[in-house]
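We did not get these values from a lab; they are worked out from the coordinates using the rules stated. These figures come from a predicted structure and were not determined experimentally. Here Cβ is always computed from backbone atoms with ideal geometry, including for glycine, and neighbour counts include all displayed protein chains.
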Amino acid sequence: MARVPIIRVGDILLATIQEDLHDSDALALQESLTTELERTGANGVLLDFTTVQTVDSFLGRMLNDVVAAIQLLGATTVVVGIQPAVAMTLVELGLELKGIRTALDAERGMRLLGSALGTSVREG
Amino acid sequence: MKDQARNAAQLIEEQRATINELQTPVIEVWKGILALPIVGSVDTARAQDMNERLLDRIIQTRSEIVILDITAVPVVDTAVAKHLLETVSSARLLGAEVFIVGLSSRTAMTLVHLGLDLGGVITRTTLAKGLELAFDRLGLRVVSSKPSRDIRGS
């Protein structure tokens, strides 16, 4: 099973979604991301879609669900590297990921997460 | 005769391609800011073409802000609004923020009467105001080198 590795960088969990993610792998990722989040107490999640060229409705739904779950666990998600074709497919499927933060690439995503988490600390 | 007809057909095809290219220019008005002036009516084919060009340019120029200028769109009805929102949504997925500028009072009233919700998209009346907002988002400021001049957009 081609599992997606979840890397912990400080306060952030990093997962790079692979191109040929099967439905079962997607579900496994959902599961492991949420359990890992609970275990480590991380405050941010960065999902990297750079290498994903196509999405289907299942992966789109999975993305929506996992972000909602992460939000429930009190963490912030940033999705980065979405390709034009993927963006157009998601919009056509009506999965516009409303309320999800996005960035062009991982570097900008980390910056965005950093500032989002930094602000929440100052406010708290 | 046959040759003539073929040449004419070819000419029309070339012209169509040229018009297609001309009607949706994506301009990098500043580093990180793209402007998309939309002239004329927007149908499905054109919206899709526009969208593709825009998304490619966002990646290419690594832009953070997109300004959609609808000053020259004669009528914004349900279909046009849907196309615009699709463009906004897909650009957002790439990490860019989108403003729609050039709304006339008539367009605003049409949208309200049709009960269309632009879904929290930031709108402004003129391109200048959109650009001002874009500069603000990027932490840039336009200052005049002459003391008494008002440099703010109309």
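Cα centroid distance between region A:18-39 and region B:47-116, in Å?
If we compute the Cα centre of each part, the gap is 34 Å.
Could you work out the relative contact order of chain A, using alpha carbon pairs under 8 angstrom and six or more residues apart, expressed as a whole percent?
Relative contact order of chain A: 24 percent.
Over region B:35-123, what per residue volume does the convex hull of the Cα atoms give, in whole Å³?
Details: hull volume 7.0 nm³, N = 89.
In region B:35-123, the Cα hull volume divided by residue count equals 78 Å³.
Can you give the % of DSSP beta bridges in chain B that are antiparallel, to the nearest 5?
On the way: 3 of 17 bridges.
Approximately 20 percent, going by the DSSP bridge assignments.
Taking DSSP loops as anything outside H, G, I, E and B, show the longest stretch in chain B free of trypsin sites (Lys or Arg not before Pro) there with at most 10 other beta carbons within 10 Å.
The reported range is B:1-140.
Based on the Cβ-Cβ distance of B:Val39 and B:Ser145, what FRET efficiency does E = 1/(1 + (r/R0)^6) give at R0 = 35 Å, to the nearest 0.05?
About 0.55, to the nearest 0.05.
When the helix-only estimate is applied to chain A (DSSP H runs of n ≥ 4, each -39,500 (n - 2.57), divided by the residue count), what is the mean residue ellipticity at 222 nm, nearest 500 deg cm²/dmol?
-16000 deg cm²/dmol
Counting residues in chain B as N, plug N into 2.2 N^0.38 Å and put the Cα Rg over that result.
Computed over Cα atoms of chain B, the ratio equals 1.22.
Could you give the Stokes-Einstein D for region A:39-100 in µm² per second, using the C-alpha Kirkwood radius, 25 °C, 0.890 mPa s?
202 µm²/s
Could you state the principal axis extents of the C-alpha atoms in chain A, from the largest down, to the nearest angstrom?
Principal extents (Cα only, largest first): 39, 28, 23 Å.
What is the average number of partner chain Cβ atoms found within 10 Å of a Cβ in A:77-85?
4
Assuming R0 = 22 Å, can you tell me the calculated FRET efficiency for the pair A:Glu92 and B:Val75, based on Cβ-Cβ distance, to the nearest 0.05?
On the way: r = 24 Å, r/R0 = 1.09.
The pair A:Glu92/B:Val75 has a calculated efficiency of 0.35.
What ratio of Cα Rg to 2.2 N^0.38 Å holds for region B:13-52?
1.26
Going 7 Å from the Cα of A:Ala85 toward and past its Cβ, which residues in region A:1-36 have a backbone nitrogen under 20 Å from where you end up?
Backbone N within reach: A:17-23.
Taking amide H positions as placed in the peptide plane 1.01 Å from N, state which residues far from B:Arg124 in sequence (5 or more) or on other chains have amide H under 5 Å from it.
Amide H to amide H, under 5 Å and 5 or more residues apart or across chains, B:Arg124 pairs with B:Ile100, B:Val101, B:Gly102, B:Leu103.
Report P(r) for the protein assembly as shown: all Cα-Cα distances, bin width 10 Å, range 0 to the bin holding the largest distance, values in whole percent.
In order of increasing distance, the bins hold 6, 25, 29, 22, 12, 4, 1, 0, 0 percent.
Where a Cα-Cα gap under 23 Å defines reach, which lysines qualify for A:Lys98, not counting those fewer than 8 residues away within the same chain?
Here the lysines satisfying the reach criterion relative to A:Lys98 are B:Lys82.
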